[in-house]
Amino acid sequence: MLANANLINGLILLLGMILCYLFVLIPFLIYYAIQHMRSPQLILLPEEDWGDYLTGKCRAESDWSRTNQFESVGVYRWQQNYIIVWENESRATFFQTTLSPYGRFHSFTTIFAEDYTLITANDREALIFPAPPGRFVQSFGVEQTGILNEKHQAAISDLMRVKHLELPDEFPEFEDSYLASLRQQHEFVRSVFFYPIRGIWWYHVGRRVKFNRPIDIQQVILEN
């Protein structure tokens, strides 16, 4: 009888922990993340400190950038993350390597005219929040920078063909576009009714369903 009682108590405790994780911790983390996008601060490191990243921690990314017509923009710090940025020499595309406490992640961001944006990343976290109108986000579980870039270029071609998007005449500044993107994401998610609760679905289901899938062109036509 005592063993059965201990088993039941253990199951009740386990169920309580699962419920707290789903309905308390995740909504809190979603709310916390969105609040930090309200007034984001991006800190540019002194140029003399870039070498530790460009020729040290991110040497492979630097070599790839140099041979693929990307030039260094800078090394930034946002919260606990370090973001190393390169810009394409011929189009408004940024290549980012993010070093965070949770790992190393890569992404390509192309900015079109009329505030349209395409992001191609290699981590699920990029897919947690619903994208604001005009922003297209896709993420794949690939480590090779070249393959990730190929997927990004394919999506650029699709968007330019289907949506008739055009590249801007002038290149945007990375810092301005990055901060504007965070503020836009903050405002859009805040407009979603009960967004911390709906974040349970976004976190556990939405980002997994969209992972390793290119942007849905049919959905792009309908929603944007």
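The values are calculated or read from the model by the stated rules, or taken from the named source; none is laboratory data. For clarity, every value in this text was computed on a predicted model and none was experimentally measured. Quick reminder, even Gly has a Cβ in these numbers, built from the backbone with ideal geometry, and neighbours come from all protein chains shown. For the accessible areas, the whole protein counts, side chains as well, though only heavy atoms, and no ligand, DNA or RNA atoms are used. Shrake-Rupley method; radii C 1.70, N 1.55, O 1.52, S 1.80 Å.
Please list the non-local residues whose amide H lies under 5 Å from the amide H of Leu45, H modeled 1.01 Å from N, same-chain partners needing a gap of 5 or more.
Val75, Tyr76, Arg77
For Ala60 and Glu143, calculate 0.36 nm times their separation in residues minus their Cα-Cα distance, and state this gained length in nm to one decimal.
Fully extending the segment from Ala60 to Glu143 adds 28.7 nm.
Length gain on complete extension for the stretch Tyr32 to Glu48, per 0.36 nm per residue less the alpha carbon to alpha carbon distance?
Taking 0.36 nm per residue and subtracting the Cα distance, the gain is 2.4 nm.
Pairs of Cα atoms under 8 Å, at least six residues apart: use those to get the relative contact order of the range 1-223, whole percent.
21
Figure the gain on full extension for Val192 and Gln153 (residue separation times 0.36 nm, minus the Cα-Cα span) and round it to one decimal in nm.
So the extension gain works out to 10.9 nm.
Could you work out the longest stretch of the chain that avoids the chymotrypsin sites (Phe, Trp or Tyr not before Pro) located in DSSP loops with at most 12 other Cβ atoms within 10 Å?
1-101
Can you give me the orientation-averaged projected area of the convex hull built on the Cα atoms of the chain, in nm²?
It is 15.4 nm².
Sort Ile119, Ile84 from largest to smallest accessible area, using a 1.4 Å probe on the heavy atoms of the protein chains.
Ile119, Ile84
Mind checking the alpha-carbon convex hull of the range 109-224 and giving the volume per residue in Å³?
110
In the range 1-223, what % of DSSP beta bridges are antiparallel (nearest 5)?
So the antiparallel bridges amount to about 85 percent of the total.
What lysines sit close enough to Lys210 to cross-link, taking a C-alpha to C-alpha distance under 20 Å and skipping anything fewer than 8 places away on the same chain?
Of all the lysines, those that pass the test against Lys210 - Cα under 20 Å, at least 8 places apart if same chain - are Lys151.
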